Amino acid sequence: MDVTEGVKNNKMQKAAPFLVAAASVLWGMLFIFVRSLSEAGFSAMDIVGIRAWGSVLLLFPGLFVADRALLRVRFRNIWCFVGTGVFSIVFFSYCYFRNVEISSAAFASILMYTSPVWVTLLSMIFFKERMNGKKWMALLMALAGCVLVSGIAEGAGAVSFYGLLLGIGSGIGYGLYSIFGRFALERGCHPMTVVAYTFLFACVGVLPFISVSSIMNRFAASPVLLLPALAMAFFTTALSFSLYTLGLRHMEPGRAAVLATLEPIITALMGSVLYNETLTAVTVLGIGLVLAASVLIARS
């Protein structure tokens, strides 16, 4: 590696936490588009399908024009995209949305955000990621903050064993993107290639849960719904996952997973600003904990 490449890599390592944080901010805005589509009658899994298919329709033509070499993949790397697309995106989405239906949004949210725990443990096994006192402290602070922000600490929602299993499944599935994505990057795949094929496989994986004809008919009846659908596909999917995967290329999966816990904070703040949702003292304390954890993990 020459000096120029070394300087470039050093800059990217410094920029990586900010790329992941930017992705988290975009993910935190996802609920705006989800709410618009949900109010129009789309089911939760319909929205997952719209998100996946919309992203593919944006990513593949864009990469074909910009650099079609990014669309070439080796067959031996396909399992990585099955992991990110099916076992992560589709599996965690199904577990999360199903849990919202039978439990509560707060309960489902906090269990999904146990993902840094699973990513950290799996990273220690597969990538020999070292843990120190600062990282453990940041992990615990982030989890505690998510608990407070979710509202479950104030008694929100009922808990069932099935809901618990779904919650753990969503947390593991959510975290698997970092694991399988890191495997793909280490095998030489470009971050944009990882994102494009992740959602291509997600498109296939989500088909058993949706009715494509029903979705198309609803868009045909109300074309204005294409605006939130395309915004969701571009800003909170194609762009956000590209930023996250690029950051993941230059930092440890465990650190990236902790920084991603900024997402519920942005959601809470945006909900307060746009929909007059109340921010309690407990919620503000949770926001402070997650922000402190993010600063700690970025500085370390």
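The values are calculated or read from the model by the stated rules, or taken from the named source; none is laboratory data. Predicted, not measured: the structure shown is a model, and the values here were computed from it. Positions of Cβ are generated from backbone atoms using ideal geometry, with glycine treated the same way; all protein chains shown enter the neighbour counts. Just so you know, the surface numbers come from the protein's heavy atoms only, side chains and all, with ligands and any DNA or RNA stripped out. Shrake-Rupley method; radii C 1.70, N 1.55, O 1.52, S 1.80 Å.
When the criteria are applied in full, residue 213 meets the requirement of being outside any loop (DSSP other than H, G, I, E, B) and open to solvent by 10 Å² or more (accessible area, probe 1.4 Å). Given the condition modelled with pLDDT of 80 or more and hydrophobic (A, V, I, L, M, F, W, C), answer yes or no: does some residue in segment 93-109 qualify? So far as segment 93-109 goes, yes, one or more of its residues are modelled with pLDDT of 80 or more and hydrophobic (A, V, I, L, M, F, W, C). Residue 245 satisfies every condition listed in (1) open to solvent by 20 Å² or more (accessible area, probe 1.4 Å); (2) of a type in the set (Val, Ile, Thr); (3) closer than 23 Å to residue 12 by Cα except (1).
Note on segment 199-254: among residues that are within 13 Å of residue 47 (Cα to Cα) and aromatic (Phe, Trp, Tyr), the one that is nearest to the chain's Cα centre (by Cα) is 209. Do we find a residue being at negative phi, free of Cβ contacts under 8 Å to residues at least 12 places away in the same chain and open to solvent by 10 Å² or more (accessible area, probe 1.4 Å) anywhere in segment 126-133? Yes: one or more hits. Looking across segment 114-169, just one residue is at pLDDT below 75, in a helix (DSSP H, G or I) and of a type in the set (Ser, Thr, Tyr), and that is 150.
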